[in-house]
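Bear in mind that the values in this text are calculations on the coordinates, not laboratory data. The model shown is predicted, which means the values in this text are computed figures rather than measured ones. Here the Cβ positions follow ideal geometry from the backbone for every residue, glycine too, while neighbour counts run over all protein chains shown.
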């Protein structure tokens, strides 16, 4: 059995139409993006003291990580300081999960 010959003319026409489609899409998107109105504000951006803002952020994070707080009073969930949580985890140990089902027996 001989394989059917490749229809070169049909293939070239398909490639041609794909290129025409891609070119049309490219031109369309280019025109769309260039004609889309862009809003430009003439007002100066507000002056922000980034160092002061970062200092406030670090202060708030340090306060949250080093103090006790209720997370959900109805469920009895609290936030504890990180150092205290580490000490409690090391003192109580971590739960052991068996590596394989045969170890679970």
Rounded to the nearest 0.05, FRET efficiency between residue 94 and residue 51 (Cβ-Cβ, R0 30 Å) equals 0.15
Expressed as a whole-number percentage, the relative contact order of the chain with C-alpha contacts under 8 angstrom and at least six residues apart is 11 percent
Taking alpha-carbon centroids only, segment 19-51 lies from segment 63-87 a number of Å equal to 46 Å
Hull surface over four for the Cα convex hull of the chain, reported in nm², is 23.5 nm²
Ranked from fewest to most other Cβ atoms within 10 Å of their own Cβ, 83, 44 fall in the order 44, 83
Longest principal axis of the chain (C-alpha) makes with the long axis of helix 82-92 (C-alpha) an angle, in degrees to the nearest 10, of 70 degrees
A chain fully extended from residue 78 to residue 21 at 0.36 nm per residue, minus the present Cα-Cα distance, gains in nm 14.5 nm
With -39,500 (n - 2.57) per DSSP H segment of 4 or more residues and division by the full residue count of the chain, the 222 nm estimate, nearest 500 deg cm²/dmol, is -18000 deg cm²/dmol
